[in-house]
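As structure tokens, the structure follows; a few thoughts come after it.
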Amino acid sequence: MEPPRGCMARWRGQGGPIPHGGPHGAGALCSRRWPWRLLLLAWLYLGCSVGSAQEPALGTLTGVPEPPAPARPRRQPARGAWGSWGPWSSCSSSCGDGVALRTRRCLRSAEEEPCTGDPRQYRLCQLQGCPGGSVPFRAMQCSLYDNKPVLGTTARYRWVPFHGAPNVCDLNCLAVGHNFYYSFGRVLDGTRCGPGSPDLCISGRCLSVGCDGILGSGARPDACGQCGGGHDTCLFVHRLFQGADPSSGYFGYMNVTKIPAGATHIKVTDKSRNYLALMTSDGRYVLNGDWSIAWPGPYEVAGTRLLYARDRDGTESLEVPGPTDEDLHLMVLLQEPNPGIEYEFWLPHGHPQPGRGDTSPLRQPQPRGAGIPPPREPPVTPAQPGGSATERPLRSPPGRSGDGAAAVRCGRCHTPKGRSQRIWHFCQSDFVFQGWILARRLVGQETRYEVEVKTPYRHRFPLVRREYVWVPNTCDCPPLREGGEYLLMAQRHVNHEHTLNRILLRDDGYARPWTPREDRLVREAARHCPQPRPP
């Protein structure tokens, strides 16, 4: 009986390798000890068999449990559904601002979850204004506690609203004549959150009014004014106008674009010494037209409000929230090469969009486009004593031709007459003096007179012997001839950037030939207005 190979291997491993050889080797030793060897081999054989049966198969993991089967997702109970909204209640106020309420019910079974959302909804109801002298709503609520015991004492107080407390929707009232306030709980629904605030208190919360009139809805108008829209009803126009200067090189008005009616969020920016101009569809200038430069500030145009801004470095901007109720024509009064005018606005979908190369015809009452010859001298002229200023055109009403100016039509000059006009002009003028006209010269769309000051009657600012007097037209209005002596009443003109300081004689200003009688009348007019204060 031979031991199994597996057991022999184990035995060899325990006893070492079996030597080969003759009868005195391992074979003889094995034959002499065969009986007890048989027992040992049998025992090893049985142990090997049992061990082999218990060994795991190759490739299996021992001691790792099988992963449990995934649990089935638990079904969420269904939620209830809201019923339709009920009717709106009456307004909470009889005048001014108030709120109306409507409610809805959650329709659900016992197994269904409650509905998500608010069962109540409030909207703003604006009524006719309260009569003058009416007590404000919050003040009225504070006054209900006048002369009533509070704070557990018998002291009596008068109460007025206090707006410095943290919770603006509490009825915080200040004791008149004392330095403490008391909170009487919540204010009534529809109370303003604060003085001048558009928001209202509802159930102790300060809520904003959406564009749909619902408090807390968060609805906002899109760029085209559509409530709750996502700008998908609008077309955004954003361009840079880089129109080339006229081939003649002349400066003047140039068309930029037409902004159609219905435009919103209009914004125009120009970073140069040029001037933006705006004209309505009927040819009426709203801003910087007729060579007259407007002051920065708000203006009314096309049924909306325009805000015009101009910095000292010449940067200009105009913003119009819109919507506009008529077409607007954007122009530029060129004083130097155009570096680019950026403009943007929103239009409703389907609205005709202005052309990119914008050459839209702009109707101008007079030929004021680019083509006015430039000055025949550098546009830098001395101003008031103490320096010089860069000259810019101010105004050019229809004028006569002469000395290089374009031929345009001029109307009649308006000459002030009578004692009342003389007194009014004298009191309103910064400079009143007798002057001798030495020379006349057209500069762009203005007329510059070199004047020798002979007799000053009034001057609120320094006046030297020889001055330049500017008239903002080329129409000889008022009519002044070289070599003549005149009594002149003029204004000091300083532009917004403080780069221009000069004597300006308006076309309807007081300018009459000087005579001894005129001298007597002007001295008499001086007694009817306060004496000028020293500058």
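Observations, loosely collected:
- Rounded if a/c under 1.5, otherwise prolate or oblate - region 106-154, Cα gyration tensor axes: oblate
- What separates the Cα centres of region 452-530 and region 164-220 is a distance of 60 Å.
- Region 124-200 - percent of accessible surface contributed by carbon and sulfur, probe 1.4 Å: 56
- Between region 80-127 and region 254-271, the alpha-carbon centres lie 44 Å apart.
- Förster radius 30 Å - calculated FRET efficiency between Arg419 and Val494 (Cβ-Cβ, nearest 0.05): 0.45
- Sulfur and carbon atoms: percent of accessible area, region 429-484 [1.4 Å]: 46
- Antiparallel %, DSSP beta bridges [both residues in region 71-196], to 5: 95
The values are calculated or read from the model by the stated rules, or taken from the named source; none is laboratory data. Note that the structure is a prediction, hence the values are computed from the model and not measured. Here the Cβ is made from the backbone with ideal geometry for all residues, glycine too, and neighbour counts use every protein chain on show. Surface accessibility is based on the protein's heavy atoms, side chains included, excluding ligands, DNA and RNA. Shrake-Rupley method; radii C 1.70, N 1.55, O 1.52, S 1.80 Å.
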